[in-house]
1. Just give me the residues in the range 56-73 being β-branched (Val, Ile, Thr) and either out of contact with any Gly (no Cβ under 9 Å at 6 or more places or on another chain) or modelled with pLDDT of 90 or more (or both), in sequence order.
2. So is Tyr209 among the aromatic types (Phe, Trp, Tyr), modelled with pLDDT of 90 or more and open to solvent by 10 Å² or more (accessible area, probe 1.4 Å) or not?
3. Could you grab me the full set of residues in the range 93-123 that are buried (at least 18 other Cβ atoms within 10 Å of the Cβ), part of a loop (DSSP other than H, G, I, E, B) and aliphatic (A, V, I, L, M)?
4. Is it fair to say Thr145 is hydroxyl-bearing (Ser, Thr, Tyr) and farther than 20 Å from Asp89 by Cα?
5. Identify all residues within the range 248-266 that are under 31 Å from the mean Cα position of the chain (by Cα) and either modelled with pLDDT under 70 or assigned to a loop (DSSP other than H, G, I, E, B) (or both); write none if there are none.
6. From the list Glu53, Glu11, pick out the single residue that is modelled with pLDDT under 75, open to solvent by 50 Å² or more (accessible area, probe 1.4 Å) and over 18 Å from Leu113 (Cβ atoms).
7. Could you list, in sequence order, the residues of the range 163-182 that are of a type in the set (D, E, K, R) and under 18 Å from Asp119 (Cα atoms)?
Amino acid sequence: TSVGKLFGSDEYPPLTHECEWDGISCIDKRWKTVTTLSLSPELNQIIGGTLIEEIGSLAYLEVLELKHTQLKGSIPDVLSNLYSLRKLDLSMNNLTTSIPANFFNELKMLEVLDLSKNDMTGLIPENIGLHSDMSVIALSGNSFTGLLPLDNFSSHNLIYLDVSDNQFSGNISSSLLKHTRLEHLNLGNNLFVGTLGEYMLHDLSNLRYLNVSNNELIGLIPAVHNNKESNMTHFDISANRFFGTLVHLNLQGNWITGVIPNGINDLEKLRTLALSHNVLKGSIPLNLTQ
């Protein structure tokens, strides 16, 4: 199948041989067995059309990157025929409708999924992660609804999960705790309810980035700052309904400047305060030493 015929647009130039195009790799030039299709607006590779059914014939395709190429329309069902696909990046386009229900059935090699910053709606298929070993899921900036299905993952190797700026609802699945390799978790700006769990951040000890802001979460403030081994560099739980007393505050290893404010003395229950490896100046408030 000619790659140049795969898009409903006349914008992409018909070059002499597809395997010599920028962003395209083949394992066999003669038979045009395309393994990578990675187009970029920086190289003026703007599609501006729709993905059509013929793309499902690229049986050896491992990487499909069409980020910010002005794609529109829906994701065709035949993408699930790309059995060798490891990375799918259709982010920053104008894709609409929902992810096909059978989309993940045969994508058993898929590791990276990025559909962020589109106009997609509907539910996430429950079999996402069921048949593959996914490490990156980025769905932010859409209008997805319903529950976030994390219960059916066949493995627990997620490192990056960003579903912010959608309309997901319900409780955050306890199955999330099984993904102990998670480093980046962004659930912000959704409609999640319930609690994070007292020991959630203890179990997810590799987390560097956590954002659950602007939801409907309740309960005690997650005990993140009492973990001396924490790698956390970004922690945002704002605009929820958490309560509790701040006992441990760990801000070490940042670029915090200025002086330590006297107002920190108002945290009467504070037992541990870590401020090392910053750019602070001045003296320590006297009450902190008493």
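1. Of all residues in the range 56-73, those β-branched (Val, Ile, Thr) come to 63, 69.
Once the filter is applied, which keeps residues that are β-branched (Val, Ile, Thr) and either out of contact with any Gly (no Cβ under 9 Å at 6 or more places or on another chain) or modelled with pLDDT of 90 or more (or both), the range 56-73 yields only Val63.
2. Working: among the aromatic types (Phe, Trp, Tyr): yes; modelled with pLDDT of 90 or more: yes; open to solvent by 10 Å² or more (accessible area, probe 1.4 Å): yes.
For Tyr209, the condition - among the aromatic types (Phe, Trp, Tyr), modelled with pLDDT of 90 or more and open to solvent by 10 Å² or more (accessible area, probe 1.4 Å) - is met.
3. Once the filter is applied, which keeps residues that are buried (at least 18 other Cβ atoms within 10 Å of the Cβ), part of a loop (DSSP other than H, G, I, E, B) and aliphatic (A, V, I, L, M), the range 93-123 yields Ile99, Leu107, Leu110, Leu115, Met120.
4. Working: hydroxyl-bearing (Ser, Thr, Tyr): yes; farther than 20 Å from Asp89 by Cα: yes.
Taking the combined requirement at face value, the residue satisfies it.
5. At the first step, the residues of the range 248-266 found to be under 31 Å from the mean Cα position of the chain (by Cα) are 248-257.
Selection gives Leu251, Gln252, Gly253, Asn254, Trp255, Ile256.
6. Values: Glu53 fails: modelled with pLDDT under 75.
It is Glu11.
7. To start, the set of residues in the range 163-182 that are of a type in the set (D, E, K, R) comprises 165, 178, 181.
Residue satisfying the conditions is Asp165 alone.
Residue-wise test of (1) within 21 Å of Ser155 (Cα to Cα); (2) touching a Phe, Trp or Tyr at 6+ places or on another chain (Cβ under 7 Å); (3) free of Cβ contacts under 8 Å to residues at least 12 places away in the same chain; (4) of a type in the set (Ser, Thr, Tyr).
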site: Leu187; (1), (2), (3), (4): yes, no, no, no
site: Phe192; (1), (2), (3), (4): no, yes, no, no
site: Leu201; (1), (2), (3), (4): yes, no, no, no
site: Leu207; (1), (2), (3), (4): yes, no, no, no
site: Asn211; (1), (2), (3), (4): no, no, no, no
site: Leu217; (1), (2), (3), (4): no, yes, no, no
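The values are calculated or read from the model by the stated rules, or taken from the named source; none is laboratory data. In this text, all values refer to a predicted model and were calculated from it rather than measured experimentally. Cβ: placed from backbone, ideal geometry, glycine included. Neighbour counts: every protein chain shown. Heavy atoms of the whole protein, side chains included, go into the accessibility calculation; ligands, DNA and RNA do not. Shrake-Rupley method; radii C 1.70, N 1.55, O 1.52, S 1.80 Å.
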